[in-house]
1. Enumerate the calculated ³J(HN,Hα) couplings along segment 216-225 in order (Karplus 6.51 cos²θ - 1.76 cosθ + 1.60, θ = phi - 60°), each rounded to whole Hz, writing x wherever the residue is Gly or Pro.
2. Collect residues whose amide H, placed 1.01 Å from N in the peptide plane, falls under 5 Å from the amide H of PHE249; neighbours closer than 5 in sequence don't count.
3. Enumerate the amide H contacts of ASP50 below 5 Å, restricted to partners 5 or more residues apart or on another chain; note that Pro and chain-start residues carry no placed amide H.
4. For segment 119-178, just say rounded, prolate or oblate: build the C-alpha gyration tensor, square-root its eigenvalues into a ≥ b ≥ c, call rounded for a/c under 1.5, and beyond that prolate if a/b exceeds b/c, oblate if not.
5. Can you give the extra length, in nm with one decimal, that the chain gains between THR47 and ARG175 once fully stretched, where that is 0.36 nm per residue apart less the Cα-Cα distance?
6. For ASP321 and GLU223, what does the FRET efficiency come to when R0 = 30 Å and r is the distance between their Cβ atoms, rounded to the nearest 0.05?
7. If I model a spin label as a point 7 Å beyond the Cα along the Cα-Cβ vector, how far apart are those points for ASP233 and SER96 in nm?
8. So what are the ³J(HN,Hα) numbers for segment 202-209, from phi and the Karplus equation (6.51, -1.76, 1.60; θ = phi - 60°), rounded to whole Hz, Gly and Pro as x?
Amino acid sequence: MSEIVPPEVRPKPAVPANQGSGGGSTLLGYVGIDTIIEQMRKKTMKTGFDFNIMVVGQSGLGKSTLVNTLFKSQVSRRSSGWSRDDKIPKTVEIKSVSHVIEEGGVKMKLTVIDTPGFGDQINNENCWEPISKYINEQYEKFLKEEVNIARKKRIPDTRVHCCLYFISPTGHSLRQLDVEFMKHLGRAVNIIPVIAKADTLTPEEKTEFKQRVRKELEVCGIEFYPQKEFDEDMEDKSDNDKIREAMPFAVVGSDKEYQVNGKRVLGRKTAWGIVEGVCLLCHTLALIIDSVFIIRSHLQDLKEVTHNIHYETYRAKRLNDNGGLHPISSTVTPAIQ
């Protein structure tokens, strides 16, 4: 049978490989190492991706609208049948909805986790606890699958990769609830703070508010994504520094389309023109256009930080506290004599 050569791969001239100190034989000819990336791409495209994003904030801040705008699709809980007549829950609830999004042949299972009831009560003491419990439960679920003797070839990933925390556009300062939530969950999940409905602020008010929020986050020792200690090299540090300077993102969500400069865009119509949806409204607009940096450039990094940092921290503590988590199986394995 003749050898099958991928159409994108062109055989290269034979090049002698470096000989070892022992004077071994020289390897001649094209090996095909440069096709590894293409092999990995094809395999990954067949498997697809999982991405789980949580939205947290008071009612009326446009959480569902923003998520729909980010992914250019109706993916939020509200767009999946939630009624405006539903009553505000008395305690924080966790509700999720999943969709499969395909773009350029790449499939991604997107799960949006909503937290209705957060911050909507008179007494909001410890209202972040159900959210913290949910995040840890997903780590625990993944851990139990991982330690099974007969574990699945591909473990379903329900861990929260990103938490968008919505800040009310007051123009003054963070609420105590904002501070407490981000302080408690900053080490358990990738938190991305965003100023909701930023078009309600003037450019001057927005700039001052962003600076004030950044200062408060720094003073309170609150960690948010991308964390400085996770910068692997100077290139990552340079990119992440620019993102951190734009934090918190000032965003505008919209699920309505308008014609702008010959193309249809998601936006909000005002007396002075169209505000394009999820616009950053700041000087870094060209850097992270449409505020979808988490999708266009940092989606995989969010997943890796979740697995390598947050999950590993949970895993190490869990195993250390319990002296090791015994494998879970449906049958009891007899002790070896």
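Just so it is clear, none of the values below were taken in a lab; they were calculated from the coordinates. Please read all numbers here as calculations on a predicted model, not as lab measurements. So basically every Cβ, Gly included, is an ideal-geometry build from the backbone, and we count neighbours across all protein chains shown.
1. 5, 4, 5, 4, 7, x, 7, 8, 9, 7
2. ILE195
3. Under 5 Å from the amide H of ASP50 lie the amide H atoms of LYS109, each far enough along the sequence or on another chain.
4. Working: a/c = 5.28, a/b = 2.68, b/c = 1.97.
Prolate is the answer for segment 119-178, as a/c is 1.5 or above and a/b outweighs b/c.
5. Details: separation 128, 0.36 × 128 = 46.08 nm, distance 4.25 nm.
Value of the extension gain: 41.8 nm.
6. Numbers: r = 23 Å, r/R0 = 0.76.
Efficiency computed from Cβ-Cβ geometry: 0.85.
7. Between ASP233 and SER96, the simple spin-label model gives 3.4 nm.
8. Here the 3J(HN,Hα) series is 6, x, 5, 5, 4, 4, 5, 5 Hz.
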